[in-house]
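Since the structure comes first, as structure tokens, the remarks are kept for the end.
The values are calculated or read from the model by the stated rules, or taken from the named source; none is laboratory data. Everything numeric here is computed off the predicted structure, so don't read it as measured data. Every residue, glycine among them, receives a Cβ derived from its backbone with ideal geometry; neighbour counts consider all protein chains shown.
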Amino acid sequence: MKVTSAEFVISSPGIKLCPEGQEYPEIGFAGRSNVGKSSLINKLVNRKNLARTSKTPGRTQLLNYFLINRAFYIVDFPGYGYAKVPQSVRAGWGKMIEGYLKNRKELSGVVLLLDIRHKPTAQDVQMFDWLQHYEIPTLLVATKADKLSRSQQIKQEKVIRTALGREQEKILLFSSLTGQGKDELLSLLEEIVQP
Ligand code: GTP
Ligand code: MG
């Protein structure tokens, strides 16, 4: 798939204010704060700053909608797991995301991003479990692949699979710096939105 257009549409605080009526399929992008979600989205759509990237994690508590090729939405989820976010905000986050995963009919799949250098956290595992529970097609992407050598990458892929309890699961390695994994991820997204 070639990305020919990408436009920001809306930031929504929850399922009630998500776009209505157009019935475009949508793909959510989830992951821990600072995992590289915005950088990955920018790389996919060839834009420097469509999805904002920040060095201040935990800022976005909204579902950010980007319309791609006038055909489907990329939805940038708020990052989770940032220590300085108050407990009340975190509880609200969980409710909002779970309500969205459970009830959003347009949701065709979710890309779950995991930092290749780290063992998935309890929240990563919980997000993965929710996706299984609601039977949402899920792609696992290990971000920041450029930060590890090939042998370290292989080791970490195993760490991630084990933490998620899925020894056979495919993990796509991605780097926003080098573009590694970009074409493959775009093909996989195409399969999800044009079944
Ligand atoms: P929040 O929106 O705060 O949840 O973060 P995010 O997941 O959108 O992460 P973001 O894309 O803002 O990236 C966080 C930091 O990681 C930034 O300093 C990026 O430059 C860096 N980063 C992201 N992707 C990569 C990558 O593939 N390689 C390297 N080396 N750095 C990356
Ligand atoms: Mg971001």
Cβ-Cβ distance below 7 Å, separation of 6 or more or different chains: which pairs start in segment 153-179 with a residue that is surrounded by fewer than 19 Cβ atoms within 10 Å (Cβ to Cβ) and end on one that is in a loop (DSSP other than H, G, I, E, B) and hydrophobic (A, V, I, L, M, F, W, C)? Q153/I116
Does F77 satisfy the criteria of being closer than 30 Å to K2 by Cβ and within 16 Å of ligand 2 (Cβ to nearest atom)? yes
Would you mention how many residues in segment 62-99 are under 18 Å from the mean Cα position of the chain (by Cα), part of a helix (DSSP H, G or I) and either surrounded by 19 or more Cβ atoms within 10 Å (Cβ to Cβ) or among the aliphatic types (A, V, I, L, M) (or both)? 3
Determine whether G109 is surrounded by fewer than 16 Cβ atoms within 10 Å (Cβ to Cβ) and either more than 22 Å from T143 (Cβ to Cβ) or away from ligand 2 (no atom under 16 Å from the Cβ) (or both). no
Quick test for you: out of Y100, Y65, pick the one residue that is of a type in the set (F, W, Y) and in contact (Cβ under 8 Å) with a residue 60 or more places away in the chain. Y100
What residue, among those in segment 1-47 that are assigned to a strand (DSSP E or B) and in contact with an Asp or Glu (Cβ under 7 Å, 6 or more places away or on another chain), is farthest from ligand 2 (Cβ to nearest atom)? E26
Looking at (1) more than 20 Å from S187 (Cβ to Cβ); (2) modelled with pLDDT of 85 or more; (3) in contact with a strand residue (DSSP E or B) (Cβ under 8 Å, 6 or more places away or on another chain), which is the only condition E98 fails? (3)
Would you confirm whether or not segment 154-166 contains a residue that is of a type in the set (D, E) and at pLDDT 95 or above? yes
Scan segment 150-159 and give yes if some residue there is more than 15 Å from ligand 1 (Cβ to nearest atom) and either among the aromatic types (F, W, Y) or in contact with a Lys or Arg (Cβ under 6 Å, 6 or more places away or on another chain) (or both), otherwise no. yes
Whether any residue in segment 56-64 is modelled with pLDDT of 95 or more and either closer than 30 Å to K158 by Cβ or within 16 Å of ligand 2 (Cβ to nearest atom) (or both) is what I want to check. no
